[in-house]
Amino acid sequence: MRFSYTAVTKEGKTIQGSADAANREGLISMLGKQNMKPVVIKAEGGSRAGKGKKHGKKVKTRELVVFTRQLSTMISAGVPLTRAISTLQLQTESKNFKSVIGGIMKDVEGGMSLGDSFAKYPNVFSEVYINMVRAGEAGGILDEILKRLAAQVEQDSSMRKKVKSAMMYPTVIFSITILAFFGITMFVIPKLGKIIKDLGGENAKLPIYTEIMLGFSDFMQKNAPFVIVTTVIGVYLLRRYIRTPKGKYQFHALLLRIPIIKTLVMKIAIARFARTFASLMSAGVAVLDALEVTGGAIGNKVIEKELQEAAKAVQNGKQLSEPLSQSKHFPPIVAQMLAIGEETGQIDTILVKVADFYEEEVETTIDGLSSLIEPLMIVVLGAMVGLIAASVMGPISSLSKNIGSE
């Protein structure tokens with residue numbers, strides 16, 4: 001819920017501002033951590049997410065990394081927060097990001113915490129980013145947290161680029177193959193079909209696969225606009241359904257059933273879990289809060305649900321390693337490493353090592369997929385060409401021989 005407030009600092013300065021909090025007590029606690037005593041608190045209504053969705057377009061990862069690193073450097077050098085943000089706004093080249101930073105500066109000048117001001121721009125700053133900044137402010141280690149965030153943003157960006165790069169080649173080849181197939185079906189096969197009928201007559205007996213190919217070609221010629229419109233609408237509706245909570249969950253569950261994709265998705269999810277959870281724990285975030293934020297950063301709703309179940313077990317007094325040891329998707333090594341971290345009090349250090357290991361595994365898997373996909377696509381393309389050749393050229397050759405023998 002959103003509140004407006006008037007508060008007094010230790011120095012006696014009166015500050016007016018607004019902030020998001022679960023309730024009035026939460027706001028009072030948050031202001032207390034900033035050494036401010038609230039005098040007047042008024043509920044404005046509306047949630048952080050609801051407000052934030054109206055602000056800020058996405059910015060480039062590189063811009064966010066530079067902003068984060070420079071803000072960290074300036075804060076650690078003792079530069080006042082508002083002055084640091086103002087300086088970063090002046091040197092930012094992106095008009096969109098400059099506008100976002102300007103809005104953040106106004107909020108901070110009005111007494112809002114940096115984390116809450118970031119929360120108004122969810123398209124720019126992720127939930128993990130926002131919560132880590134809040135943890136840094138609460139613990140007085142904002143400069144250190146921002147350094148970790150910059151490294152984490154770079155790691156996530158690097159992983160996404162590798163996955164996209166690996167998928168680009170097969171996607172392009174598959175698209176060209178489909179277009180070529182439909183092009184041949186609609187424009188080439190009808191002419192070849194006419195040749196077959198001219199050679200063998202209307203009652204010529206043709207192989208079943210040739211009959212299917214000619215029938216499909218005839219159907220596409222007559223119904224191409226309907227097929228195209230139906231396909232576009234179908235894809236649009238499917239995309240919309242996948243964006244719904246139920247559709248997204250089912251889609252993510254499907255990804256975890258496809259043999260090769262399953263391995264890649266799981267390794268990416270585990271790497272994200274380990275690095276994000278380690279960063280939050282090292283920032284002093286409570287385990288339950290860290291699990292909630294980490295679940296949203298994993299990128300797979302099925303595994304996120306498992307973490308939610310694990311959080312319930314932790315709330316009931318169990319160590320996190322216990323429910324994860326019974327997980328369907330987390331390998332035993334993750335639970336074992338986590339248990340060692342819990343015993344030694346070094347969960348963040350252990351999980352960073354787990355994240356490094358699985359990020360290397362992701363790179364190895366992607367390289368393996370890239371080397372496997374190329375010959376596989378060649379086989380698929382060759383099979384389609386062979387099918388067309390066998391279904392059309394074979395009967396033509398056969399009928400030509402029969403005519404020659406007569």
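Pairs exceeding a 24 Å alpha-carbon distance, out of Lys37/Lys98; Lys13/Lys98; Lys262/Lys301; Lys246/Lys305; Lys164/Lys248; Lys33/Lys120: Lys37/Lys98; Lys13/Lys98.
Extents of the stretch 172-253, taken as max minus min of Cα coordinates on every principal axis and listed largest first, are 57, 25, 21 Å. Test of understanding: given the chain, find the longest segment containing no trypsin sites (Lys or Arg not before Pro) that are in a DSSP loop and have at most 15 other Cβ atoms within 10 Å. Formally, the longest exposed-site-free interval is 61-204.
Between the Cα long axis of helix 347-388 and the first principal axis of the chain there is an angle of about 20°, rounded to the nearest 10. Full extension of the chain between Lys305 and Thr14 yields a length gain of 100.3 nm, computed as 0.36 nm times the residue separation minus the alpha carbon distance.
Modelled this way, with points 7 Å down the Cα-to-C-beta line, the labels at Met384 and Lys164 are 2.5 nm from one another.
Projecting the Cα positions of Ile233, Ala278, Thr365 onto the charge dipole of the stretch 152-406 (unit charges on Cβ atoms of Lys, Arg, Asp and Glu, taken about the Cα centre) puts Ile233 furthest along the positive direction. What is the Cα centroid distance between the stretch 255-327 and the stretch 328-394, reported in whole angstrom? The distance from the Cα centre of the stretch 255-327 to that of the stretch 328-394 comes to 19 Å. Relative to the dominant Cα principal axis of the chain, helix 259-282 is inclined by about 10°.
Each listed q (0.07, 0.12, 0.13 Å⁻¹) maps to a log10 I(q)/I(0) for the chain, found by the Debye formula over equal Cα scatterers with no solvent: -0.50, -1.05, -1.17. Running Debye on the stretch 260-406 with equal point scatterers at the Cα sites and no solvent, what base-10 log of I(q)/I(0) appears at q = 0.12, 0.13, 0.20 Å⁻¹? Rounded to two decimals, the profile gives -0.58, -0.64, -1.16.
Taken along the Cα-to-beta-carbon direction at a fixed 7 Å, the label points for Leu372 and Asp198 span 4.8 nm. This model, with +1 at the C-beta of Lys and Arg and -1 at the C-beta of Asp and Glu, gives the chain a dipole about its Cα centre of some 1340 debye.
Read-outs throughout are calculated quantities, based only on the coordinates presented, and are distinct from any laboratory measurement. Just so it is clear, the model here is predicted, and its values are computed rather than measured. We place every Cβ from the backbone using ideal geometry, glycine too, and count neighbours over all the protein chains shown.
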